[in-house]
Structure formats: C-alpha cells, structure tokens
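Below: the structure, in structure tokens.
The values are calculated or read from the model by the stated rules, or taken from the named source; none is laboratory data. This structure is a prediction, so every number in the text was calculated from the model and none was measured. Because the Cβ atoms are built from the backbone with ideal geometry, glycine has one as well, and the counts that use them run over all protein chains shown. We work out accessible area using only protein heavy atoms, side chains counted, and drop any ligands, DNA or RNA first. Shrake-Rupley method; radii C 1.70, N 1.55, O 1.52, S 1.80 Å.
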Amino acid sequence: MAYSEKVIDHYENPRNVGKLDAEDPDVGTGMVGAPACGDVMRLQIKVNEQGLIEDAKFKTYGCGSAIASSSLATEWMKGKSLDEAEQIKNTQIAEELALPPVKIHCSVLAEDAIKAAVRDYKQKKGLL
Amino acid sequence: MGAPCHFALFDLQPDFRVDLAQLGERYRALARSVHPDRFADADARDQRLALERAAQLNDAYQVLKNAPQRALYLLTLRGHELPLEATVQDPEFLLQQMQLREELEDLHDSADLEGVALFKQRLKGAQDHLEQQFAACWQVVDEREQAERLVRRMQFLDKLMREVRQLEERLDD
C-alpha cells in the first residue's frame, strides 16, 4: 500500500511535534490509543484569553497515517475556537490526506484526540 | 457453527493459561500430518482438505501462542466480541505507554544495548503482571469490563515488545 504525497509530507515534516505543560491551566491534553495497532497519541492545545487555540502540539507513536492525521489536526486547530475545533471530523482529515479505507481509523483516532484535549481543557476550567 | 474451536484443534480446554511448549509440539506434529508432501499422490479433494486443515491449524496456532490474541479469542468464545478499532481513553495507562515509548526512543538514539535489555525485562514483567490479572478475572461475569481493559492493555504492550525486538535486531547488526 502506498502512502499519499500528503501523508508522506506530514510524516517527513511533522508540524507541531512536542509537548505543552500539562499542568498549565490554559492547556488541554488528550491522550488516546488504538489497541489493535498499539498506536498512542497525545494532542495538546493552549487556549488564550479570547478562547482561541493559540498553540497545538502532538506526539504520536504509530504508523505514518496516524502521525500525519495528528499533524494535520494540530495545523487545523490553531487559531480556531474550541467549538470550531470540535467540528473537525475524521472524514475531513481522511479526505485531505487521501487515506485508504484500512487507515481511516487513524483519522478517527485524531478526531478522538481533539475531542479529548478540548474536554480536558473544559474540565480544567469548570466548563463541563 | 463453522470452524472448530482453536483450542479443540490441539486437544486443549479453552483456558488462558496455556503450556506454550506443549502447544508448539502439538502444532508441529499436526502440521506434519497434513503437510502437502504427504498428499502428493492423493486425489484433488484430499489435497484440498489437507491444505484447508493446514491453514486452520496455522491460524489457530498464531492466535493461541500470542497472549493478547488468546485473551481476545477467549472473550469472543464467551460471546464478547471486542470492537477492533475502538479508541481507548485510559489516560493513566496511555501516559505510561507514552513514557515507555519515549524511553525506548532514547535507547534507540543512544544505541544502548544494555539499556534495551533492562527495558525488555521490565516490559516482560509488566506483561506477566497483566497476564496474571487477566487469568484471574476473565471467567468472572462481574469483571468483564476489567478483563476487556486488561486485553487492550496487553495489546499495547505486545506492540511495544515487537518494537523492542526490532530495535535489538537493528542494534545487533
């Protein structure tokens, strides 16, 4: 199976790899995993006073598609409000990266990571 | 019911605790009995049956010799099919998994063979612990959720162990 050019681009030049301080009250952390392939994904957001995501970082241990999906997710989240970020769908990620059917679950994992990060942030702020 | 139970193929009772040496012996003996060479002069139907049997044995053996796959299979036998591609949100465990993978990455960067050996030992210990916990609870009706959580954790450690072995091979070269 061949990876699409976009997957390879994100895999070779992942955007926003790294770590934010999980203890920071303005940071939300999402940790998700896919047991079938053993992939582990951490996605973090830092939200500013206007309620916009000013920074997003990720670290993914997994296949190229999982890395590309989370890399793209962080790119798309930056500058968005929490509500807008929660609207990001795995189908959009899969389409953008031209993921084949067997790799769709990687984009699902990225969507779940976004939701988990937003939820963690909201919990910290007492918004849930 | 279509295919026979994987355990029955090897004349074993369905159980999580399996004597792997015995399983391997039985597999090899059975595989020999259906080897294509023995059916070179047989008619087409017998050849096909032998081939099917060999494939069945191989599938069953691959499942039973691997702890997480064996555990998943046992839960399936009890009627609890786990969704394969479900996202796990088990934060504390995943955090630990993340740290272990980071640690392995460092060992890779420093090409630290001795460190890899120690890491592998710790990982093996964690696997043994999970397996003991699973063995103790998979048949308990009230602990099904816990059994499922343990299987998922076993799958993550299994993947990590495969990566440790790959790293060992690479560093050995």
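Would you be able to tell me the number of residues in the stretch B:69-87 that are among the acidic types (Asp, Glu) and in contact with a Lys or Arg (Cβ under 9 Å, 6 or more places away or on another chain)?
Of the residues in that region, 0 qualify.
Is it the case that B:HIS129 is within 13 Å of chain A (Cβ to nearest Cβ) and farther than 28 Å from A:VAL108 by Cβ?
Details: within 13 Å of chain A (Cβ to nearest Cβ): no; farther than 28 Å from A:VAL108 by Cβ: yes.
Here the answer is no, as B:HIS129 does not meet what is asked.
Quick one: B:ALA40 ticks every box in (1) within 14 Å of chain A (Cβ to nearest Cβ); (2) open to solvent by 40 Å² or more (accessible area, probe 1.4 Å) bar one, so which box is it?
(1)
Quick one: in the stretch A:80-117, which of the residues that are of a type in the set (Val, Ile, Thr) and within 13 Å of chain B (Cβ to nearest Cβ) is nearest to A:ARG42 (Cα to Cα)?
Step one: list which residues in the stretch A:80-117 are of a type in the set (Val, Ile, Thr), which gives A:88, A:91, A:93, A:102, A:104, A:108, A:114.
Remaining after also requiring within 13 Å of chain B (Cβ to nearest Cβ): A:102, A:104, A:108, A:114.
Values: A:VAL102: 22, A:ILE104: 18, A:VAL108: 14, A:ILE114: 9 Å.
Step by step, filter the stretch A:80-117, then rank; the result is A:ILE114.
Which numbered condition trips up B:GLU163, out of (1) exposed (fewer than 12 other Cβ atoms within 10 Å of the Cβ); (2) over 18 Å from B:LEU72 (Cβ atoms); (3) within 13 Å of chain A (Cβ to nearest Cβ)?
The one condition B:GLU163 does not meet is (1).
Which residues, taken from the stretch A:1-35, are hydrophobic (A, V, I, L, M, F, W, C), outside any strand (DSSP E or B), closer than 27 Å to B:ARG162 by Cα and touching a residue at least 12 places away in the same chain (Cβ under 8 Å)? Working first, answer last.
Taking the stretch A:1-35 first, the residues hydrophobic (A, V, I, L, M, F, W, C) are A:1-2, A:7-8, A:17, A:20, A:22, A:27, A:31-32, A:34.
If we keep only those that are outside any strand (DSSP E or B) too, we end up with A:1-2, A:7-8, A:20, A:22.
Keeping just the survivors that are closer than 27 Å to B:ARG162 by Cα gives A:1-2, A:7-8.
Residues satisfying the conditions are A:MET1, A:VAL7, A:ILE8.
So, in the stretch B:95-148, of the ones that are among the basic types (Lys, Arg) and within 29 Å of A:GLY18 (Cα to Cα), which residue ends up least open to solvent (accessible area, probe 1.4 Å)?
Start the filter on the stretch B:95-148 by keeping residues that are among the basic types (Lys, Arg), which leaves B:101, B:120, B:122, B:124, B:144.
Remaining after also requiring within 29 Å of A:GLY18 (Cα to Cα): B:101, B:120, B:122, B:124.
Working: B:ARG101: 7, B:LYS120: 59, B:ARG122: 130, B:LYS124: 99 Å².
For the stretch B:95-148, the residue satisfying everything is B:ARG101.
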